Amino acid sequence: MSGVGTPARVLDGAGVAAAICESLRPRIEDVRRAAGRPPALGLLLAGSDPGSEVYVRNKIRESEALGMRTALKRLPDSAAFGEALAVVDAFNADPGVDGILVQSPLPAGMGDDAERRIFAAIDPSKDVDGFHPENVGRLVQQTPALAPCTPAGVMELLDRCSVPLVGRRAVVIGRSDIVGKPLAMLLLHRHATVTICHSRTVDLPRVAAQADVLVAAVGRPAFVTADFVKPGATVVDVGTNTLTDRDRVTSIFGAGSKKLAAFDRRGRVLSGDVHPGVADVAGAITPVPGGVGPLTIAMLLSNTVQAAERRLGLRS
Ligand code: NAP
């Protein structure tokens, strides 16, 4: 455990993600032997969100680096919801597709409820994002399910870095369907005492400072400051925020920082939800980038392999 002033141990998400991917290779070979082809992921990218372009490109690159197949269907910003549904239906019906991923956000023109509706249309056995109501229910009931990738990745990181959970206090800031809620459930299943916080939580820093494991999934750069953190706590930073304002970068990271130098080269940098000053108080912390992000992709690949194995009867 570190205390105030001793820099926190950095939890190497990229390293853990690489180890997860390596461990998938023999399982991918088993699928190839049984099916005559490697596990295959169908992706739908609707619209032209720049972040989504990068995420989808990375997912395809990492899948193919492991010898898996990908099929990308693109739709324009102007596409109707029915067109997205038709892509999902085709992936559902295709025996050559094991996993289906619909990149969010969907174009605004598809309507407020489009994401929920499209996730519910995916065959649950191919739902590698774990967002289908059946998989959400299975997650809650702790029966075998494809778990959402970011929360599952956080759990892998905590386990592989030997962070104790049984009986510990975990505080998750954020209650989204894709991160906060499922992660809280996974922590609960591991016998942590879990509190979920959100924008209406009263006296958030005081609640957060009770945590042995503090997770920030807020979407606000440097939101979690040192006063949120119990000395020695493990802090997991899920936030992925792009900063394009030099003054903001300077105020968060400091005038002589590497981030500011990177900003001056590229005109933008990534910031987590956790302020860099937290590293002086926490016992362990995940970096951004190189923390939770690579794990999310590793768990997507893991879920795709798992879906293929189940469909082939190689696992229950
Ligand atoms: P989201 O759907 O926008 O949810 C954000 C949550 O933060 C909400 O529950 C919201 O509370 C809460 N919140 C917002 N402002 C708050 C405040 N002032 N005080 C307390 N809580 C506050 O976001 P998300 O999809 O969960 O993503 C969260 C972050 O993780 C984003 O930066 C996202 O880019 C990142 N992310 C990263 C990965 C990865 O692979 N690294 C994957 C997914 C997401 P209310 O519910 O009350 O509004």
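Throughout, read-outs are computed from the coordinates displayed, never taken from laboratory work. Quantities reported herein were computed from a predicted structural model and do not represent experimental measurements. Virtual Cβ from ideal backbone geometry, glycine too; neighbours counted across all protein chains shown.
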* Structure fact -> Among Arg25, Arg138, Arg200, the residue with the largest mean-square fluctuation in a Gaussian network model of the chain built from Cα contacts under 10 Å is Arg200
* Structure fact -> Taking a ≥ b ≥ c as the square roots of the Cα gyration tensor eigenvalues, with a/c under 1.5 meaning rounded and otherwise prolate when a/b beats b/c or oblate if not, the range 203-246 comes out prolate
* Bridge type composition, the chain - antiparallel percent by DSSP, nearest 5 -> 10
* **Computed label-point distance, nm, for sites Thr193 and Ala86 using a 7 Å Cα→Cβ extension** => 5.6
* Asked: Most exposed first by the Cβ proxy, i.e. fewest other Cβ within 10 Å, how do Lys230, Lys126 rank?
  -> Lys230, Lys126
* Round to the nearest 0.05 the FRET efficiency obtained for Arg117 and Ser48 when R0 = 22 Å and r is the Cβ-Cβ distance. => 0.55
* Asked: Mind listing the Cα extents of the chain along all three principal axes, in Å, largest one first?
  -> 56, 42, 36
* **Anisotropy class of the range 179-316 from Cα gyration tensor, a/c 1.5 cut** => oblate
* If you take the square roots of the eigenvalues of the alpha-carbon gyration tensor of the range 36-126 and sort them as a ≥ b ≥ c, do you get rounded (a/c under 1.5), prolate (a/b over b/c) or oblate? -> oblate
* To do: Counting helices only, and only those DSSP H runs with n ≥ 4, report the 222 nm mean residue ellipticity of the chain as the sum of -39,500 (n - 2.57) divided by its residues, in deg cm²/dmol to the nearest 500.
  => -13000 deg cm²/dmol
